[in-house]
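Chemist: This is the structure I want to talk about, given as structure tokens.
The values are calculated or read from the model by the stated rules, or taken from the named source; none is laboratory data. Since the structure is predicted, the reported quantities are computational estimates derived from the model, not experimental observations. Cβ: placed from backbone, ideal geometry, glycine included. Neighbour counts: every protein chain shown. Note: accessible area is taken over every heavy atom of the protein model, side chains too, but ligands, DNA and RNA are not part of it. Shrake-Rupley method; radii C 1.70, N 1.55, O 1.52, S 1.80 Å.
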Amino acid sequence: MTITIYSGRDLGSAFGADIAATWGAYERFFAAHDLSPALVRDVALRALDRAATWAPPLASEIGVVAGAAGLEQWQVAALNARSEVLARFRPSVPGECSTVVHLPASGPPVTIQTWDWNQGMSDVKLIWQYSPRPGWTVKTFTEFGVLAKIGVNSAGLGLHFNLLQHEADGKSDGVPVHLVARRILDEAATVSEAAEIARSAQVSASVALTVVTASEACTLELSPAGLARVPMDPDGFLLRTNHFLDPVLAQGERLGVADPDTYARHESLSRRLPGLRSPHLADRAVALVEHREDGSALCCHPPADAPVHAQWETLIIIGLDVRHHRLTFQDGSPCTADPRGWVRF
């Protein structure tokens, strides 16, 4: 895990070798799914063209990072558009992350997310602070070369990120969903502002962007089929795994059909609310200790015989503090978390 404070335009120079290594990891991942370099390049450049219209500074930043890191522009574009690459060619991949946001009747919101991804990506993690403009600071967990993912800004808005899959995915060109997350962190101070940014993006992949401030929270389910706002439940919880909750968008659900563990994880979260409402992140992490063989993969580890491209593992646990503009995290999975091992940034 690397923690750094840099401007976006300096990141490529400072971490060029790490960005190149991250591209190498994805190059192998794409190849394992039989995605040729020519196809990846085509999708990446089409996504970059969409980004250049929707958010020109972010498209420019991708080019600057690529040049500083000694990579082709399309390679860094492919890192930022890896969701779009996978959506276009629809490889069979298992489910991913679990997220919980709780906004109590009194007191600050509490959040937790696991980032479940391929075991081969364990060295690509970056905690990054940057300032998109004077007086505005963002802290984000992301991957080297990817402009943002999970994070919190100095305006007091936090963002969690869960990939979804819809039958409409991959049938057109679109803005990378990771850039939608970046622009929300760069520009939004309220849930409504975040929703307007998401609504303005024509996408080709689906994502659940769970947005939280000190006074409100919702999930923005964004897909080529449309945008839906999913509100908190009556107890102030948002529980997210990797399937659509909006009843209209759920008609096109694709990942849950292939891997029903996303439903099992969501149900398991609903049974663990006492621990998940704790103000202490260590307690919330303990509440996520459940493995696939026990009912659901809230705490994810790959089977010993899984092929390389299917080795899914919980690689990091993250909580957001929107009041103090802070990320708290620990490498690894809930079952290995050390109560003294949490890092605040």
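Chemist: When the Karplus curve 6.51 cos²θ - 1.76 cosθ + 1.60 is applied with θ = phi - 60°, which whole-Hz ³J(HN,Hα) does each residue of the stretch 314-325 get, with x for Gly and Pro?
Modeler: 6, 9, 6, 10, 9, x, 10, 10, 6, 5, 10, 6
Chemist: Could you give the nm distance between label points at residue 52 and residue 257, where each point is 7 Å from its Cα heading toward the beta carbon?
Modeler: My value for the distance between the label points is 3.6 nm.
Chemist: Could you calculate the contour length gain from residue 21 to residue 3, that is, 0.36 nm times the residue separation minus the distance between their Cα atoms, to one decimal place in nm?
Modeler: Numbers: separation 18, 0.36 × 18 = 6.48 nm, distance 1.69 nm.
Stretched out fully, the residue 21 to residue 3 stretch lengthens by 4.8 nm.
Chemist: Per the helix-only calculation at 222 nm, which mean residue ellipticity applies to the chain, given -39500 (n - 2.57) for every DSSP H run of n ≥ 4 and division by its residues, nearest 500 deg cm²/dmol? List each step's numbers first, then the result.
Modeler: On the way: 12 runs with 116 residues, N = 345.
Value at 222 nm, helices only: -10000 deg cm²/dmol.
Chemist: Note the full-extension length gain between residue 199 and residue 308 as 0.36 nm times their separation in residues minus their Cα-Cα distance, in nm to one decimal. Walk me through the numbers before you get to the answer.
Modeler: Working: separation 109, 0.36 × 109 = 39.24 nm, distance 3.60 nm.
Here the answer is 35.6 nm.
Chemist: Straight-line reach from residue 149: which lysines fall under 16 Å, measuring Cα to Cα and dropping same-chain residues less than 8 apart?
Modeler: 125, 139
Chemist: GNM, the chain, Cα, under 10 Å: largest mean-square fluctuation among 229, 272, 88?
Modeler: Of 229, 272, 88, the most mobile in the Gaussian network model is 272.
Chemist: Could you give the distance between the Cα centres of the stretch 273-303 and the stretch 93-137, to the whole Å?
Modeler: 16 Å
Chemist: Tabulate in residue order the Karplus-calculated ³J(HN,Hα) for the stretch 78-87, using 6.51 cos²θ - 1.76 cosθ + 1.60 with θ = phi - 60°, rounded to whole Hz; enter x for Gly and Pro.
Modeler: Residue by residue, the stretch 78-87 yields 5, 4, 6, 10, 5, 5, 6, 4, 5, 5 Hz.
Chemist: First measure r as the distance between the Cβ atoms of residue 343 and residue 36, then evaluate 1/(1 + (r/R0)^6) with R0 = 25 Å and state the FRET efficiency to the nearest 0.05. It would help to have the intermediate numbers written out before the result.
Modeler: Values: r = 39 Å, r/R0 = 1.57.
So the FRET efficiency works out to roughly 0.05.
Chemist: Just how much of residue 280 is accessible, in Å², when a 1.4 Å probe is used and the result is rounded to the nearest 10?
Modeler: For residue 280, the solvent-accessible surface is approximately 110 Å².
Chemist: Under a 1.4 angstrom probe, counting protein chains only, how are 110, 257 ranked by accessible area, largest first?
Modeler: On the way: 110 20, 257 115 Å².
Solvent-accessible surface, decreasing: 257, 110.
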